[in-house]
1. Filter the range 160-188 down to residues that are surrounded by 15 or more Cβ atoms within 10 Å (Cβ to Cβ) and modelled with pLDDT under 90, then give me how many there are.
2. Can you tell me which residues in the range 181-222 are touching a Pro at 6+ places or on another chain (Cβ under 8 Å) and of a type in the set (D, E, K, R)?
3. What number of residues within the range 189-199 satisfy the criterion of being surrounded by 11 or more Cβ atoms within 10 Å (Cβ to Cβ) and more than 29 Å from A107 (Cα to Cα)?
4. Kindly provide the set of residues from the range 1-50 that are outside any helix (DSSP H, G or I), among the acidic types (D, E) and either modelled with pLDDT under 85 or surrounded by fewer than 14 Cβ atoms within 10 Å (Cβ to Cβ) (or both), ordered by number.
5. Any residue in the range 203-222 that is more than 24 Å from T117 (Cβ to Cβ) and in contact (Cβ under 8 Å) with a residue 24 or more places away in the chain sitting within a Cβ distance under 6 Å of a residue that is surrounded by 15 or more Cβ atoms within 10 Å (Cβ to Cβ) and of a type outside the set (V, I, T)? List the pairs, counting only those 6 or more apart or interchain.
6. Applying the selection to the range 204-248, what residues are surrounded by fewer than 11 Cβ atoms within 10 Å (Cβ to Cβ), among the charged types (D, E, K, R) and outside any helix (DSSP H, G or I)?
7. Going by the structure shown, is R127 touching a residue at least 60 places away in the same chain (Cβ under 8 Å), under 29 Å from V217 (Cα atoms) and of a type outside the set (G, A, S)?
8. Looking only at the range 67-120, filter to residues that are closer than 20 Å to L50 by Cα and β-branched (V, I, T); which one of those is modelled with the lowest pLDDT?
Amino acid sequence: MHRHTITFSGHVEQAESEIDNLRAAFIWSRENNDIANALEMATSLQPLWLMRGRVLEGGAWLDAAVSGSDSSVSKVSPALRARALADTAMLNSWLEITDALEQADEALALARQLAMTTYRGSEEFSRRFAAGPELRDGRFHFPVEDYLEHAGRRFVERFEAERFLALSESIDLHDVAPERVAAPTTLVGFPSDRLVPLADLCELQRRLAGTATLEVVESPYGHDAFLKETVQLAPVLRHALNDCRGDH
């Protein structure tokens, strides 16, 4: 058995043994209007709900956590809200509740919106969405909101929640030790990339067993620069491929 599986099972067993204390902490959080903490607890126990036949209890926790005042719920971070919606959709799908798909789509749209804020650089965002907010439907809307909401809707239209969860899980499980990679490696980084910062690439370069070079390319496009900066990347990739073939 894989060591991660052993550790994971151990956490589930520990959570089940402490379920009475966890219930008390959850109730305390709700009574004190700490909705974020209540949701954190409910979502972190998702493996327990699914693996130990506690789907109804898990659903009840999530429903109870979001049943507080609107002002408290609105303070929950988008990332936590997306995770809670995804977990609720999964639990409801086990119970064959019909609105599970709608909850999954909402969670997927939120997840995409959050992702978009990390794909592009802060410089580009500042330049594209420099205009001030406008009053609409009783509240102020910032220009970037329309962009992010549109990106979320488009993603849901062409990407199923189940595919997203499978892809996310495969990334989480992907584990390659750099020390085992002996092949010559060319790394490419962008100073504006917030998803894969240069510090991480420097650490990867240090740990790789084979010869490794790090090429730094200036771009305002953040992580998406590898899609946008084709002119700058072409000679870097061409040189790397020539080195692989031994062409100089």
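1. Step one: filter the range 160-188 for residues surrounded by 15 or more Cβ atoms within 10 Å (Cβ to Cβ), giving 161, 164-165, 178, 181, 185-188.
Filter once more, so that each one left must be modelled with pLDDT under 90: 161, 164-165.
The number of residues fulfilling the criteria is 3.
2. Scanning the range 181-222 gives R207, E218.
3. Keep residues of the range 189-199 that are surrounded by 11 or more Cβ atoms within 10 Å (Cβ to Cβ), which gives 189-198.
Keeping just the survivors that are more than 29 Å from A107 (Cα to Cα) gives 189-191, 198.
Matching residues across the range 189-199 total 4.
4. Of the range 1-50, the ones outside any helix (DSSP H, G or I) are 1-2, 18, 32-34, 45.
Next, only the ones that are among the acidic types (D, E) stay: 18, 34.
Listed by number, the list holds a single entry, E18.
5. Listed by first residue and then by second, the contacts come to R207/P178; L208/P178; A212/Q205; L214/L187; L214/L201; L214/Q205.
6. Selection gives E218, D247.
7. Details: touching a residue at least 60 places away in the same chain (Cβ under 8 Å): yes; under 29 Å from V217 (Cα atoms): yes; of a type outside the set (G, A, S): yes.
Answer is yes for this residue.
8. Out of the qualifying residues, it is T98.
The values are calculated or read from the model by the stated rules, or taken from the named source; none is laboratory data. Predicted model only: the values in this text are computed from it and were never measured. FYI the Cβ positions are ideal-geometry reconstructions off the backbone, even for glycines, and counts take in every protein chain you see.
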